[in-house]
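Enquirer: Before I ask anything, let me first share the structure, which is written out below as structure tokens.
None of the figures in this text is laboratory data; all of them are computed from the coordinates on show. Source: prediction; values computed, not measured. Here the Cβ positions follow ideal geometry from the backbone for every residue, glycine too, while neighbour counts run over all protein chains shown.
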Amino acid sequence: MAAGRPGAALLLQLLLQAGAVSRAAAPRVPPEACGQRPLLDSILGSRIVGGQNAPIGAWPWSVSLQVHQTGKQFAHICGGVLVNENSVLTAAHCVTGRKDPHSWRAVLGMHNLWEHGKHIEKRNIASITVHPEFKKETFENDLALFELHPAVRYSDYIQPICLPPAQLHPPLDNHTECLISGWGRTAEKGKISAVLKEAQVEIIPTRVCNSSAAYGGLVTPNMICAGSWSGGIDTCQGDSGGPLACYHPSTNRYYLLGIASFGFGCARPKFPGIYVRLSPYRRWIESELLLSKAAAGPRSVTLTIPLTVLCAVLAQAF
Ligand code: ARG
């Protein structure tokens with residue numbers, strides 16, 4: 001009988017529900033290509049203080065932020081992380097006393113600081129935005145955004161990292177592989193490294209890092225403690241602003257979990273590196289990225305004018 005059969009609408013609803021269930025279970029892939037390494041399709045065995053030289057193209061979002069020195073060349077100051085075509089995230093303390101964007105440049109796609117190969121791109125800095133709540137006494141909110149001019153074109157050597165969404169599916173767990181990378185000092189009193197180095201780090205619980213024998217409460221919930229509790233693996237001077245990047249196997253992408261911020265010495269036992277935890281800053285980062293996109297994109301004029309007109313029309317209507 002017709003009444004006994006499920007109606008078309010019900011059937012459709014059931015199908016949709018089934019679809020929704022399977023969609024929710026599948027790993028969500030970010031809309032824009034990010035966090036991928038075209039030159040290293042899988043994590044190689046080969047995988048700073050205690051690390052190794054990174055393979056070419058291993059960290060295509062790693063940026064060297066450099067300052068022009070009077071009478072001299074540019075000097076590498078800090079690391080940075082490419083998050084879209086014209087934005088590099090870094091640490092706010094990198095720009096303390098050097099807020100003029102014109103004194104800086106960004107070098108992308110680079111492996112060796114002293115041998116600029118043909119895959120590198122140099123960019124001027126159009127603007128620097130420091131987190132309004134950055135506190136240089138406590139390193140709270142140690143985040144800044146550099147706007148590149150002009151924007152870069154992605155290549156095998158230049159790629160953006162993924163920013164962590166509110167929730168990753170499946171979430172990152174204890175087995176997550178997280179790595180640091182940079183051109184910073186290879187020992188506490190050493191020199192910066194010519195070649196980009198990388199090291200795998202452990203995420204250390206804040207409670208452990210804040211113990212009285214360690215940071216004794218300096219690590220806030222907006223920071224991540226990572227490295228090695230027994231010492232030997234760490235970021236160091238010159239690595240600040242660089243990525244703490246974690247691999248998410250089900251999407252085969254790297255996500256930016258942290259930005260190198262500070263540490264007591266380098267690679268000392270009980271004093272791992274402290275990274276800005278990015279998740280609490282998602283909203284700030286996203287709104288700043290939107291602003292810089294609007295300022296840089298050729299669409300800005302075609303978009304802002306109709307929007308302004310629309311706003312004016314709506315304002316009159318109500
Ligand atoms: N603050 C330093 C810089 O400006 C290094 C940060 C990391 N230090 C550490 N021991 N993990 O480059």
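Enquirer: Given the C-alpha centroids of the stretch 116-173 and the stretch 228-251, what is the distance between them in whole angstrom?
Expert: A separation of 15 Å, based on Cα centres.
Enquirer: Could you work out how much longer the chain between Arg207 and Glu188 gets when fully extended? Use 0.36 nm per residue separation minus the Cα distance between them, nm to one decimal.
Expert: That works out to 4.3 nm of additional length.
Enquirer: Once you put a point 7 Å from the Cα of Asp156 and another 7 Å from the Cα of Ser103, both along the Cβ direction, what distance in nm separates them?
Expert: Going from the Asp156 label point to the Ser103 one covers 3.8 nm.
Enquirer: For the stretch 94-198, what relative contact order do you get, as a whole percent, if you take Cα pairs closer than 8 Å and at least 6 residues apart?
Expert: Rounded, it is 22 percent for the stretch 94-198.
Enquirer: Follow-up. Taking a quarter of the surface of the Cα convex hull of the stretch 91-211, what do you get in nm²?
Expert: Value for the stretch 91-211: 10.6 nm².
Enquirer: Given the Cα-Cα distance of Asn53 and Trp114 and 0.36 nm per residue of separation, how much length would full extension add, in nm?
Expert: Value of the extension gain: 20.5 nm.
Enquirer: Regarding the stretch 132-200, what's the average projected area of the Cα-atom convex hull, expressed in nm²? Walk me through the intermediate numbers first.
Expert: On the way: hull surface 34.1 nm².
Result: a mean projected hull area of 8.5 nm².
Enquirer: How much length, in nm to one decimal, is gained on full extension between Ala166 and Asn252, taken as 0.36 nm per residue of separation minus their Cα-Cα distance?
Expert: That works out to 29.2 nm of additional length.
Enquirer: To continue, here is another question. How big is the dipole moment of the stretch 174-292 about its Cα centre under a simple scheme where the beta carbon of each Lys and Arg is +1, that of each Asp and Glu is -1, and everything else is neutral? Debye, nearest 20, please. Mind dumping the intermediate values first?
Expert: Working: 11 positive and 8 negative charges, 39 e Å.
The calculated dipole for the stretch 174-292 is roughly 180 debye.
Enquirer: What FRET efficiency comes out for the pair Leu218/His68, r = Cβ-Cβ distance, R0 = 41 Å, nearest 0.05? Write out the running numbers ahead of the final one.
Expert: Numbers: r = 34 Å, r/R0 = 0.82.
That pair, Leu218 with His68, gives E of 0.75.
Enquirer: Quick one: net charge around His102, please, counting Lys, Arg +1 and Asp, Glu -1 for every other residue with C-beta under 13 Å from its C-beta.
Expert: Within the 13 Å Cβ shell, the charges total +2.
Enquirer: Which net charge results for the neighbourhood of Gly238, defined as the other residues with beta-carbon distances under 10 angstrom from its beta-carbon, given Lys and Arg at +1 and Asp and Glu at -1?
Expert: +1
Enquirer: So, one more: Taking the Cβ of Gly57 as the centre, find all other residues whose Cβ is under 10 Å away and add up their charges (Lys, Arg: +1; Asp, Glu: -1).
Expert: 0
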